[in-house]
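Participant: Quick one: structure below, then a few questions.
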Amino acid sequence: MITTEPAIGVHGTEQLRRVLDAVLLIGSDLDLTATLQRITETAAELVGATRGSLRVLDESKTSLAQVVTVGLADDAQGAVGDLPSCSSILGTLLGDSKPIRPHNFGGRAGATMPSLLAVPILIRGEVLGSLTLGEKLGATAFSDVDEEIVVALAAGAGVAIENGRLHSRVAELAQLEDRDRIASDLHDTVIQRLFTVGLSLQGPLRLSKDPMVVTRLESAIDEIDITVREIRSAIFELQPDRRPARSACQSAIAVCAEAARTLGFEPAVHFDGAVDTAVGAGIAQHLLAVQREALSNVAKHASARTVDLTLETHGTTVSLTVEDDGVGLGEHDRRGDGLENMETRARRLGGECSIANRPGGGTVVRWSVPFG
């Protein structure tokens with residue numbers, strides 16, 4: 001609450017003590033809003049103002065992130081919208097970052113204040129907001145001492161605001177680390193176990209002659225495939241793009257290293273042309289998914305002993321080829337979701353995808369899209 005008596009009778013030592021008390025709030029357990037409210041109330045009381053407001057800009061400096069007021073009606077507190085124009089108090093402070101003490105300053109609503117004191121909230125020269133006091137009791141203008149007091153309190157508000165933002169960033173980083181841990185567990189544990197289960201079903205599927213058993217086994221394998229894709233999508237969502245991106249070649253090597261866990265060996269990787277220079281982030285994302293899908297199919301169906309993965313560029317086209325020496329495609333091999341997914345990605349990018357038997361045994365997958 002604001003006192004109704006002027007602050008003229010408050011001694012200098014008492015003023016200093018009140019300023020220190022307000023600044024010490026920064027290290028207390030009060031939340032940021034409560035701290036800023038107390039600073040605004042203290043500023044108004046010490047300089048004898050009947051009105052006061054503290055406005056905090058968002059980090060983009062295009063709108064207000066927070067507003068606390070003293071001595072203003074509820075409707076006035078709620079009537080704060082986007083960042084004022086350069087002719088307003090906050091706009092002027094952004095342009096000059098020096099305290100303002102004009103007489104009869106016209107407010108946004110067209111009203112006038114008999115006296116006004118507005119100071120910027122600064123951190124390392126950057127304007128974070130403003131602390132504004134108005135209608136000083138017992139005087140027509142705020143004094144130099146009033147200005148010094150409010151500048152000190154505004155500095156304390158700046159520290160509180162920066163501390164609040166730092167705490168928020170620390171909390172965000174902690175959440176991101178937790179998301180990374182969950183994503184890692186999903187990839188290293190859950191997906192690998194599902195792969196193991198899927199591979200263990202391949203043997204009974206080949207040996208069984210009961211159509212009903214075959215149908216059920218195929219259905220179970222398909223469900224496992226769908227689950228793996230859904231988990232991979234969840235992993236992608238859990239891992240935001242906040243680290244330096246791998247190049248297309250680095251990603252291909254990493255995918256082959258991952259595939260070694262289910263294949264029992266690491267595929268050979270070959271590059272031809274300026275792959276890293278040609279492949280942008282958009283195509284690289286699809287390319288990575290196709291590599292994983294193709295190698296997953298080899299692990300589940302091919303019984304291969306070797307796999308070769310080749311990335312190459314010709315003109316304005318980037319091509320991926322995955323060859324294995326496995327059992328190849330039989331006449332009754334079903335067209336699985338994996339191939340359809342790869343074909344769909346290629347079509348969306350104006351390219352093409354094919355899978356065929358390789359001369360001498362095994363299969364070859366070719367996937368190519370334009371990058372120009």
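Participant: Residues in region 147-167 that are open to solvent by 10 Å² or more (accessible area, probe 1.4 Å) and either among the aromatic types (Phe, Trp, Tyr) or closer than 26 Å to SER115 by Cβ (or both): how many?
Facilitator: Of the residues in region 147-167, 6 are open to solvent by 10 Å² or more (accessible area, probe 1.4 Å) and either among the aromatic types (Phe, Trp, Tyr) or closer than 26 Å to SER115 by Cβ (or both).
Participant: Any residue in region 252-265 that's over 16 Å from LEU288 (Cα atoms): show its pairings with residues that are in a helix (DSSP H, G or I) and open to solvent by less than 30 Å² (accessible area, probe 1.4 Å) at Cβ separation under 7 Å, as long as the two are six or more apart or on different chains.
Facilitator: If the second residue must be in a helix (DSSP H, G or I) and open to solvent by less than 30 Å² (accessible area, probe 1.4 Å), the pairs left are THR262/PHE195; THR262/ALA299; LEU263/VAL298; LEU263/ALA299.
Participant: Conditions: (1) hydrophobic (A, V, I, L, M, F, W, C); (2) modelled with pLDDT of 90 or more; (3) open to solvent by less than 20 Å² (accessible area, probe 1.4 Å). MET342 meets all but one. Number of the miss?
Facilitator: Every listed condition holds for MET342 apart from (2).
Participant: Something else now. With the requirement that a residue be within 16 Å of VAL318 (Cβ to Cβ) and part of a helix (DSSP H, G or I), what does region 341-356 give you?
Facilitator: MET342, ARG345, ALA346, ARG347, ARG348
Participant: Quick one: in region 22-50, of everything that is under 33 Å from the mean Cα position of the chain (by Cα) and acidic (Asp, Glu), which residue is modelled with the highest pLDDT?
Facilitator: Looking at residues that are under 33 Å from the mean Cα position of the chain (by Cα) and acidic (Asp, Glu), I get ASP31.
To keep it simple, each residue is scored yes or no on (1) modelled with pLDDT of 80 or more; (2) open to solvent by 10 Å² or more (accessible area, probe 1.4 Å); (3) under 26 Å from ASN163 (Cα atoms).
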site: GLY91; (1), (2), (3): no, no, yes
site: GLY95; (1), (2), (3): no, yes, yes
site: ARG108; (1), (2), (3): no, yes, no
site: ALA111; (1), (2), (3): no, yes, no
site: VAL119; (1), (2), (3): yes, no, yes
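Participant: In this structure, does VAL228 turn out to be modelled with pLDDT of 75 or more, out of contact with any helix residue (DSSP H, G or I) (no Cβ under 7 Å at 6 or more places or on another chain) and either β-branched (Val, Ile, Thr) or assigned to a helix (DSSP H, G or I) (or both)?
Facilitator: So VAL228 does not fit the description; no.
Participant: Still on this structure: Starting from region 195-216, take each residue that is part of a helix (DSSP H, G or I) and list its partners that are among the hydroxyl-bearing types (Ser, Thr, Tyr) and open to solvent by less than 90 Å² (accessible area, probe 1.4 Å), counting only C-beta distances under 6 angstrom and pairs at least six apart or across chains.
Facilitator: Matching pairs, first to second residue: PHE195/THR262; VAL214/SER208.
Participant: Can you name every residue in region 172-192 that is surrounded by 14 or more Cβ atoms within 10 Å (Cβ to Cβ), farther than 20 Å from ARG261 by Cβ and modelled with pLDDT of 75 or more?
Facilitator: Listed by number, the list holds a single entry, ARG179.
Participant: A follow-up question, please. Which residue is modelled with the highest pLDDT, if the candidates are limited to region 248-261 and must be open to solvent by 30 Å² or more (accessible area, probe 1.4 Å) and not small (Gly, Ala, Ser)?
Facilitator: Filtering region 248-261 for residues that are open to solvent by 30 Å² or more (accessible area, probe 1.4 Å) and not small (Gly, Ala, Ser), the one modelled with the highest pLDDT comes out as ILE253.
Participant: Among the numbered criteria (1) of a type in the set (A, V, I, L, M, F, W, C); (2) in contact (Cβ under 8 Å) with a residue 24 or more places away in the chain; (3) assigned to a helix (DSSP H, G or I), which single criterion is violated by LEU309?
Facilitator: (3)
Participant: Before we move on, is VAL318 assigned to a strand (DSSP E or B), buried (at least 18 other Cβ atoms within 10 Å of the Cβ), β-branched (Val, Ile, Thr) and at pLDDT 85 or above?
Facilitator: Yes, satisfied.
Participant: Now for a separate question. Testing THR215 on (1) within 19 Å of GLU293 (Cβ to Cβ); (2) open to solvent by 60 Å² or more (accessible area, probe 1.4 Å); (3) at pLDDT 75 or above; (4) of a type in the set (Ser, Thr, Tyr), one condition comes back false. Which one is that?
Facilitator: For THR215, the exception is condition (1).
Participant: Also, quick follow-up: Look through region 321-335, keep the residues that are open to solvent by 30 Å² or more (accessible area, probe 1.4 Å) and at pLDDT below 90, and return whichever of them is nearest to GLU230 (Cα to Cα).
Facilitator: Applying the filter and picking the extreme gives ARG335.
Participant: Still on this model: Considering only region 263-279, how many residues are surrounded by 16 or more Cβ atoms within 10 Å (Cβ to Cβ), at pLDDT 85 or above and not aromatic (Phe, Trp, Tyr)?
Facilitator: 4
Participant: Sticking with this one: Taking region 52-71, which residues are under 29 Å from the mean Cα position of the chain (by Cα) and surrounded by fewer than 21 Cβ atoms within 10 Å (Cβ to Cβ)?
Facilitator: ASP58, GLU59, SER60, LYS61, THR62, SER63, LEU64, ALA65, GLN66, VAL67
Participant: Tell me which of these GLY282 doesn't satisfy, since it passes every other one: (1) modelled with pLDDT under 90; (2) closer than 24 Å to ALA260 by Cβ.
Facilitator: (2)
The values are calculated or read from the model by the stated rules, or taken from the named source; none is laboratory data. None of the values given here were measured: they were computed from a predicted structure. No Cβ is skipped: glycine too gets one built from the backbone with ideal geometry, and neighbour counts run over all protein chains shown. The protein model used for the area step is the full one, side chains on, heavy atoms only, and it has no ligands, DNA or RNA in it. Shrake-Rupley method; radii C 1.70, N 1.55, O 1.52, S 1.80 Å.
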